[in-house]
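Engineer: Would you mind keeping the following structure in view while I ask a few things?
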Amino acid sequence: MSQLVTAPSLKEFFKALLEEVIRRQKLAVGETTEFYLVNLLAEFACTDNLFSKGEDGRKEQEPLAVLYHRSLQQQRDERIRTLRRLGDVSLYQAGFFSGALREGPVGQDYYIQMGGAAYGQLADLAPAAGFAAVYRELSARFRALVDVLEEIAARGLVQNPSGALKVYESWVRTGSDKLEQVLVDAGLVMPKGLPN
């Protein structure tokens with residue numbers, strides 16, 4: 001049975017969850033970067049925001065390489081928007097869809113490399129010094145932040161049986177300590193060192 005989660009807003013819900021996972025993973029993240037991540041999670045909670053409209057008006061997922069190529073053709077302001085989109089989509093997908101990406105043709109590392117590089121370039125282009133620091137941190141800690149989002153996704157998935165099975169299968173396949181802890185916290189597996 002799933003639990004009803006109450007929070008004043010979606011952003012407050014993600015803020016509390018993000019702070020908990022960051023603390024559990026012993027990751028130090030700047031306050032502005034944390035704020036950025038909360039907004040990213042809230043934005044992509046509406047999955048339509050992961051897609052763009054194609055020429056025919058239908059929603060489509062743009063390949064990362066196409067976004068990057070487009071950014072090279074654009075003037076500074078448009079380039080900033082495109083690189084931000086590339087970094088944001090890469091981070092979210094690498095974290096929330098890690099299992100599917102590991103089995104896909106390009107893999108999770110591709111998303112990590114593309115997103116980290118996009119944020120790095122964005123840090124050099126950002127007009128405000130404060131945001132440059134955020135983008136620099138997102139670039140430098142991209143892989144660690146993917147782990148944070150992966151744990152947030154797993155904690156949501158274990159709330160129902162089919163999602164719990166996906167988390168369990170991913171844990172068996174990868175041996176991830178973070179996924180194991182999610183399963184332990186949900187009462188689905190025994191902690192290491194305890195007798196069966």
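Engineer: What is segment 1-89 by shape, rounded, prolate or oblate, if you read a ≥ b ≥ c off the alpha carbon gyration tensor as root eigenvalues and call it rounded for a/c under 1.5, prolate for a/b larger than b/c, and oblate otherwise? Mind showing how you got there, number by number?
Structural biologist: Values: a/c = 2.85, a/b = 1.61, b/c = 1.76.
Taking the square roots of the gyration eigenvalues as a ≥ b ≥ c, segment 1-89 is oblate.
Engineer: Springs between alpha-carbon pairs under 10 angstrom, Gaussian network model over the chain: which of V184, V89, V167 fluctuates most?
Structural biologist: Looking only at V184, V89, V167, the largest GNM fluctuation is found for V184.
Engineer: Still on this structure: So for segment 43-131, taking the charge dipole from beta-carbon charges (+1 Lys/Arg, -1 Asp/Glu), which of A118, L101, P63 sits furthest toward the positive end?
Structural biologist: My answer, from the dipole projection, is A118.
Engineer: Once you list every other residue whose beta carbon is under 10 Å from the beta carbon of V38, what net charge do they have if Lys and Arg are +1 and Asp and Glu are -1?
Structural biologist: Values: positive: K11, K15; negative: E12, E19, E34, E43.
Result for the local shell: -2.
Engineer: Still on this structure, please answer the following. Find how much the distance from V184 to E55 grows on full extension, using 0.36 nm per residue of separation minus their present alpha carbon separation; answer in nm with one decimal.
Structural biologist: Values: separation 129, 0.36 × 129 = 46.44 nm, distance 4.66 nm.
Taking V184 through E55 to full extension adds about 41.8 nm, to one decimal.
Engineer: Another question, if that's okay. Can you give the FRET efficiency to the nearest 0.05 for R76 and L27, using r as the Cβ-Cβ distance and R₀ = 35 Å? Show your work: numbers first, answer last.
Structural biologist: Values: r = 32 Å, r/R0 = 0.91.
My answer for the efficiency is 0.65.
Engineer: Using only alpha carbon pairs under 8 Å that are at least six residues apart, calculate the relative contact order of segment 73-161 and give it in whole percent. Don't skip to the answer; put the middle values down first.
Structural biologist: Working: 92 pairs, mean separation 29.5, N = 89.
Answer for segment 73-161 is 33 percent.
Engineer: Something else now. Take the solvent-accessible surface of the protein heavy atoms, probe 1.4 Å, and return the percent of it on segment 47-148 that carbon and sulfur atoms account for. Working shown, then result.
Structural biologist: Details: 2770 of 5480 Å².
Whole-percent figure for carbon plus sulfur exposure: 51.
Engineer: I've got another one for you. Share of Cα-Cα pairs in the chain beyond 22 Å, in percent? If you can, show how the numbers build up before the last one.
Structural biologist: Values: 9772 of 19110 pairs.
Considering the chain, 51 percent of its Cα-Cα pairs are separated by more than 22 Å.
Engineer: Of all the stretches in the chain, which is the longest one without any exposed loop site, taking trypsin sites (Lys or Arg not before Pro) in a DSSP loop (any state but H, G, I, E, B) with at most 12 other Cβ atoms within 10 Å?
Structural biologist: Working: sites that count: K26, R58, K192.
Value returned for the longest uninterrupted segment is 59-191.
Engineer: I would also like to ask the following. Heavy-atom accessible area per residue, segment 21-167, 1.4 Å probe: how many Å²? Mind dumping the intermediate values first?
Structural biologist: Values: 7630 Å² over 147 residues.
Averaged over the residues of segment 21-167, the accessible area is 52 Å².
Engineer: Could I ask something else about it? May I have the count of lysine pairs in the chain with C-alpha atoms under 18 Å apart, counting pairs 8 or more residues apart or located on different chains?
Structural biologist: Values: K15/K26; K26/K178; K166/K178; K178/K192.
Here the count comes out as 4.
Engineer: Which value at 222 nm does the chain reach when only helices count, each DSSP H run of 4 or more adding -39,500 (n - 2.57), with the total divided by all residues and rounded to the nearest 500 deg cm²/dmol?
Structural biologist: Numbers: 10 runs with 135 residues, N = 196.
So the helix-based figure for the chain works out to -22000 deg cm²/dmol.
The values are calculated or read from the model by the stated rules, or taken from the named source; none is laboratory data. Here the structure is a predicted model, which means the values were calculated and not measured. When we count neighbours, we look across all protein chains shown, and the Cβ atoms used for this are built from the backbone with ideal geometry, even at glycine. Please note that ligands, DNA and RNA were not included when accessible areas were found on the heavy atoms of the full protein model with its side chains. Shrake-Rupley method; radii C 1.70, N 1.55, O 1.52, S 1.80 Å.
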